[in-house]
Each structure stands twice: as structure tokens, then as C-alpha cells.
1. Could you tell me which of the residues 162, 112 is in contact with a helix residue (DSSP H, G or I) (Cβ under 9 Å, 6 or more places away or on another chain) and not hydrophobic (A, V, I, L, M, F, W, C)?
2. Select from segment 1-15 the residues that are surrounded by fewer than 16 Cβ atoms within 10 Å (Cβ to Cβ) and either touching a residue at least 60 places away in the same chain (Cβ under 8 Å) or under 26 Å from the mean Cα position of the chain (by Cα) (or both) and list them in ascending order.
3. Would you mind telling me which numbered condition in (1) touching a strand residue (DSSP E or B) at 6+ places or on another chain (Cβ under 6 Å); (2) crowded, with 24+ Cβ neighbours inside 10 Å residue 101 fails?
4. Can you give me the ranges of the strands (runs of 3 or more DSSP E) entirely in segment 334-419 with at least 3 residues that are in contact (Cβ under 8 Å) with a residue 60 or more places away in the chain and buried (at least 22 other Cβ atoms within 10 Å of the Cβ)?
5. Could you figure out which of (1) under 24 Å from residue 354 (Cα atoms); (2) free of Cβ contacts under 8 Å to residues at least 24 places away in the same chain; (3) within 22 Å of the chain's Cα centre (by Cα) isn't true of residue 241?
6. Can you tell me which residue among 146, 160 is touching a Pro at 6+ places or on another chain (Cβ under 7 Å) and closer than 25 Å to residue 71 by Cα?
7. Please indicate, with yes or no, whether at least one residue in segment 237-251 is closer than 23 Å to residue 277 by Cα, buried (at least 17 other Cβ atoms within 10 Å of the Cβ) and of a type in the set (S, T, N, Q).
8. Are any residues in segment 174-204 buried (at least 22 other Cβ atoms within 10 Å of the Cβ) and touching an Asp or Glu at 6+ places or on another chain (Cβ under 7 Å), and if so, which ones?
Amino acid sequence: MTIKEYMIQVGQQARAASRELARASTHDKNAALIAMADALDLARPQLLAENAKDLENGKNNGLDDALLDRLALTDARIDGMLEGLRQVAGLLDPVGEITDMAYRPSGIQIGKMRVPLGVVGIIYESRPNVTIDAASLCLKSGNATILRGGSEAYYSNQAIAKAVVEGLKVAGLPEHAVQVINTTDRAAVGELITMPDFVDVIVPRGGKGLIERISKDARVPVIKHLDGNCHVYIDNEADIDKAIKIAVNAKTRRYGVCNAMESLLVHQEVAQTVLPQLADIYSEKGVELVGCEATRAILTDVGIATEDDWYTEYMAPKLSIKIVTDIDQAIEHINKYGSHHSDAIVSQNYSKTRVFMTEVDSSSVMVNASTAFADGFEYGLGAEIGISTDKIHARGPVGLNGLTSQKYVVLGDGHTRDN
């Protein structure tokens, strides 16, 4: 069977499964999610063993530390996957919800019903936990899904897929509701993103190169963000202790994630106080610093920040720092250089925080909180299918509602139109 024939078969199976899922009860979907969690927990030894194969191959193939970190599964991360499944099972089912019902002068009632998108194709790199996040959210929102993980996580993803299928079978749902592509051939991706008859939306998760390619070549709609160039702005009316904790957490919690801070903006009036303290902490944690001229006048041993640095998502222990004159300059910098992902202000001035929330053009804006919170689990979505920086359909962490659409419903009682 050729790759094209295989992908058509996968697409046909997904479309058929999506029709069954559209009428599945909330009880059955939740039962499948719980059964998936139980199956995954039982398969923990095999999952860790398969992940070890991926890690060994990754090291041999020269994957950097950030990618290896994203690839690695631990007992704690598996626990997180189980918790994500159970939390999604506990969320309200959006499918079938009817809102905005209103009578028209003709006597009919018109409202909107929330419905699944249909078939969701997801292409991702490194993180095997995405397999569970995607499967759980697509299932709960009534969508069939086709998952194509990166070749570096092949063994991990296939092991997870077995647990997912087991959970679907236990609940009596179609096993093709979640399909993990079983080939590492890149041609499968090209087929997946050009099958509008079988796939309703594509969600790419991975490096900028992957997402740019998918966005350019796809023949179906794409929910995406290209990169996570996130900022923290420390205002002159910030609580300094809070500011330091937030700036350290936003950068050093994890380096290889899209919600990590890549540029720190500091008001000139507090720079002399804040920067030396932060520099000491970053130095202890091995973070390389580059900065503007004003920054280097205070921190004499940091490198020079180039124009490219302000645009860069490092995904590594490196941080660019700029001293700004006021909040307006901070907002201007973020809107120019940022990726519209997640940006934070630290300030005790309510009026300034309102201005920042209103004028920063990002999918998530934080006030006195770390950008690390830009995550579906932390937002109470149970998990996320990805983060969207687009402005149409879904924006920010995409959870259950982001995987549904709405259609109009019209209720009458023999009503006819006379004119």
C-alpha cells in the first residue's frame, strides 16, 4: 500500500468515526477517557521503555537538550497525562449546547447549537504527551482525530496509541476515532494536509519551520502559532519582590516551551534595583544575558542584544533585556517584536495594567503573573490542543470550545414565510 492509499484509508476511517462520535453520549465519551487513563497507567512500564528508545535515538541523532526535554517521559509527566484525561472527563460537554435563543416577529425561535468540527488532523514534534492531550480533547468535543507525531517520538506515540484504542473499545466507541499514523515517512504529512474531503482542520505543534510549511501547503484550515516570543514588563510601580519571582519563573521554569519569557523589559526607574538581583539569579541558573546599551551600563558583563535578538524565540537558557522609558515604549516593543502569544506586566498601578491588557495585541495577557500560566491545563481547559495566535475562530489555548463550531437552529410550529 502506498502512502497516499494508506492516508486515504485513514481519512475514510476518521470521517466514518466522526459521524458516530457526533451522536455519542457524554457518558460514553467520559467512560472512554477514564478507560484510556486506566489503560495508560497499566502500560506505564512499557511506555517508559518505549520512550527510552526514542531518547536514545534522539541522542544518537544529535537532538539538543531542549528537544530531548520535550521528548522525555517521566512518572510525573505520565501522572500529568492521566490527570489531564480525568480532568477533561470532568469538564462540561460543549456539544449540543444551545445558546442565544430568541423569538423573531414571525414567531419562530432562532438560536445557535455547538457542534463538533468533524475530523481534526494534528501534526506535532517531540512531546508524546500531545498524543493524549489531543485525543482527549478531540474525543470530548465529538471530533475524530488523526495524529502524526514526530519520528523522534515514534515508539512513545505508538505505545500511547494502544492505550487510547483500548479505552475506546471499553466504552464501545469506534477505535478509529483516534488514529496515530504508523509511518515516519514525511509524505504522510503532505497527504494529511491536502485531504479536505476527510480532514476539517489541521493543528500543527512544533518548531517554526514545521508550522510555516504546514500553513503554506495546507488545503484545509489551520489553527496555529508560529513561535512564542513572550515578554515580561516590570513597571516602575511594580512590587519588586513579585517582579523578581515572576521574571525568574517565566524564564527558568522550562526553557523549551512556547510560554517561556524570551525578552525582559524593565522601566528605567527600577532597572538599577531589579537587574543586579535578577542577574545574580540568572547566573546561578546558567542563563546567558544580552541587553541594550542601558542594560549593559548596569550589567557590564552581559552581551550586546542585536535587532535579531528582540525577534528571537530562544527556547534555551538565554534572555534579552531592554530598559524602557515608560509603559508606552514597553507596549510598542511587545507589539513590534513579539509573536502575539503571551505577555505580562508587573505593576501595582491598576490604570497601567488596564492599559497594558487593552493595548498589548497578544492571545494571553498577564497581570502580576508569570507567562508560564499560558497553558490549557492552568486555564481550566483540562488540556489544550495547541495555542492559537490567529484572530479568527480560536485564540489562545485551544480547548473544547475551540474544537467546536456553531450552527443556527430554527424552531417553529408549522410556521411559513409569507413574503
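The values are calculated or read from the model by the stated rules, or taken from the named source; none is laboratory data. Values in this document were obtained by computation on a predicted structure and should not be read as measured data. Don't worry about glycine lacking a Cβ; one is built from the backbone with ideal geometry, like all the others, and counts go over all protein chains shown.
1. Result: 162 is the single residue among 162, 112 that is in contact with a helix residue (DSSP H, G or I) (Cβ under 9 Å, 6 or more places away or on another chain) and not hydrophobic (A, V, I, L, M, F, W, C).
2. Scanning segment 1-15 gives 4, 12.
3. Evaluating residue 101 over (1) touching a strand residue (DSSP E or B) at 6+ places or on another chain (Cβ under 6 Å); (2) crowded, with 24+ Cβ neighbours inside 10 Å leaves (2) as the failure.
4. It comes to 342-346.
5. (3)
6. So the residue among 146, 160 that is touching a Pro at 6+ places or on another chain (Cβ under 7 Å) and closer than 25 Å to residue 71 by Cα is 160.
7. Looking for residues that are closer than 23 Å to residue 277 by Cα, buried (at least 17 other Cβ atoms within 10 Å of the Cβ) and of a type in the set (S, T, N, Q), one finds at least one in segment 237-251, hence yes.
8. Across segment 174-204, the qualifying residue is only 193.
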